[in-house]
Ligand code: PMV
């Protein structure tokens, strides 16, 4: 048996939409931070038939079956029991598929002795979920043109940012990211504007991170997140991932910014709000978010490492 762990990542520059053709390539470049404080733990072992246990319950997940079928076109992989669990809500906009496929591919690579490099593991993980390519690496990670391979830009120690995840719901999202992206690409009148402006946002964010320029990073990251949600809202049917708690948290973060705190907000395909801040701002941000009536809890995390196997 092999056990691997991986951490979710939060994109500061988002991707939303896929390139046409095979490979599950994103339509826009993205830049993320890998989060130390949340983890997926996945074990794999040879078994009579493929079996998936998700958070303690035997489950069927077509995304995982399709992923195994794809891998088996290239590698000799026996039927496997995959036992995977998250210490945070699954399928609720907290990047569980990112850490899930990163942990799964890391575990399969070791268990089946495939001998793949981290870059190749990431390439395969991307086929399961494009954001998973980024969770194979720690710190600040990019996924962009020309080769669409995830790459660590800076390690976690480069800039000790903190992330406070304001959890506003534990319920699974109504529309998966993959479905949502297809709907947006087919129906939002803003889709071309989104893809046309993404490369500049990506470059600005990379420069801001290199120079540890919080104000510039906050500006471009909030803009990227809001543009993605504008795209979702302008899709038909509209994709509304926010709830009352999301709005409360966004308003509070904006108030904290006016008070001079180094903090910004980012949201994915779910109602959770992630407040990214400097180490010194974290206690005040945490206290403010915890005091809001519609926030279930606040998870405080720092930046962390990539996916690894662990001894059993
Ligand atoms: O690759 P997926 O299916 O996990 O989609 C990720 C989409 C966002 O989280 C909204 C943006 C991103 O770049 O992570």
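Could you tell me which residue of segment 27-42 is farthest from residue 3 (Cα to Cα), considering only residues that are in a strand (DSSP E or B) and either more than 13 Å from the chain's Cα centre (by Cα) or more than 10 Å from the ligand (Cβ to nearest atom) (or both)? Reasoning before the result, please.
Here is the first cut: in segment 27-42, the ones in a strand (DSSP E or B) are 30-35, 40-42.
Checking the rest, the ones that are also either more than 13 Å from the chain's Cα centre (by Cα) or more than 10 Å from the ligand (Cβ to nearest atom) (or both) come to 33-35, 40-42.
Values: 33: 23, 34: 19, 35: 19, 40: 10, 41: 7, 42: 6 Å.
Only one residue fits best here, namely 33.
Among the candidates 156, 208, 193, which residue alone is surrounded by 15 or more Cβ atoms within 10 Å (Cβ to Cβ), away from the ligand (no atom under 16 Å from the Cβ) and over 25 Å from residue 96 (Cα atoms)? Working first, answer last.
Details: 156 fails: over 25 Å from residue 96 (Cα atoms); 193 fails: surrounded by 15 or more Cβ atoms within 10 Å (Cβ to Cβ).
Result: 208 is the single residue among 156, 208, 193 that is surrounded by 15 or more Cβ atoms within 10 Å (Cβ to Cβ), away from the ligand (no atom under 16 Å from the Cβ) and over 25 Å from residue 96 (Cα atoms).
Filter segment 256-268 down to the residues that are outside any loop (DSSP other than H, G, I, E, B), farther than 19 Å from residue 33 by Cβ and either within 16 Å of the ligand (Cβ to nearest atom) or free of Cβ contacts under 8 Å to residues at least 12 places away in the same chain (or both) and list them by number.
Across segment 256-268, the qualifying residue is only 258.
Somewhere in segment 287-301, is a residue part of a helix (DSSP H, G or I) and in contact (Cβ under 8 Å) with a residue 12 or more places away in the chain? Quick ask: steps written out before the conclusion?
We begin by selecting, within segment 287-301, every residue part of a helix (DSSP H, G or I); these are 287-290.
Going one step further and asking which of them are in contact (Cβ under 8 Å) with a residue 12 or more places away in the chain, we end up with 288-289.
Taking every residue of segment 287-301 in turn, at least one turns out to be part of a helix (DSSP H, G or I) and in contact (Cβ under 8 Å) with a residue 12 or more places away in the chain.
Are any residues in segment 124-162 part of a loop (DSSP other than H, G, I, E, B), more than 11 Å from residue 303 (Cβ to Cβ) and without any contact (Cβ under 8 Å) to a residue 40 or more places away in the chain, and if so, which ones?
Once the filter is applied, which keeps residues that are part of a loop (DSSP other than H, G, I, E, B), more than 11 Å from residue 303 (Cβ to Cβ) and without any contact (Cβ under 8 Å) to a residue 40 or more places away in the chain, segment 124-162 yields 146, 147, 149.
What pairs can you find where one residue is in segment 81-108 and at negative phi and within 14 Å of the ligand (Cβ to nearest atom), the other is in a helix (DSSP H, G or I) and modelled with pLDDT under 80, and their Cβ atoms are less than 6 Å apart, with a gap of 6+ or different chains?
86/96; 90/96
Residues checked against (1) without any contact (Cβ under 8 Å) to a residue 24 or more places away in the chain; (2) closer than 17 Å to residue 124 by Cβ; (3) touching a helix residue (DSSP H, G or I) at 6+ places or on another chain (Cβ under 6 Å); (4) surrounded by 16 or more Cβ atoms within 10 Å (Cβ to Cβ):
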residue: 3; (1), (2), (3), (4): no, no, no, yes
residue: 11; (1), (2), (3), (4): no, no, no, yes
residue: 14; (1), (2), (3), (4): no, no, yes, yes
residue: 39; (1), (2), (3), (4): no, no, no, yes
residue: 59; (1), (2), (3), (4): yes, no, no, no
residue: 73; (1), (2), (3), (4): yes, yes, no, no
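Of everything in segment 70-117, what is out of contact with any strand residue (DSSP E or B) (no Cβ under 9 Å at 6 or more places or on another chain) and either over 26 Å from residue 179 (Cβ atoms) or part of a strand (DSSP E or B) (or both)? Give them in sequence order. Steps first, please.
The initial filter retains those residues of segment 70-117 that are out of contact with any strand residue (DSSP E or B) (no Cβ under 9 Å at 6 or more places or on another chain), namely 70-77, 91, 93, 97, 113-117.
Within segment 70-117, 74, 75, 76, 77, 113, 114, 115, 116, 117 qualify.
Name the pairs: first residue in segment 163-188 and under 23 Å from residue 221 (Cβ atoms) and away from the ligand (no atom under 16 Å from the Cβ), second residue at pLDDT below 90 and not in a loop (DSSP other than H, G, I, E, B), Cβ to Cβ under 8 Å, at least 6 apart or on different chains?
From residues that are under 23 Å from residue 221 (Cβ atoms) and away from the ligand (no atom under 16 Å from the Cβ), there are no pairs.
The values are calculated or read from the model by the stated rules, or taken from the named source; none is laboratory data. Quick caveat, the model's predicted, so the values are computed rather than measured. Quick reminder, even Gly has a Cβ in these numbers, built from the backbone with ideal geometry, and neighbours come from all protein chains shown.
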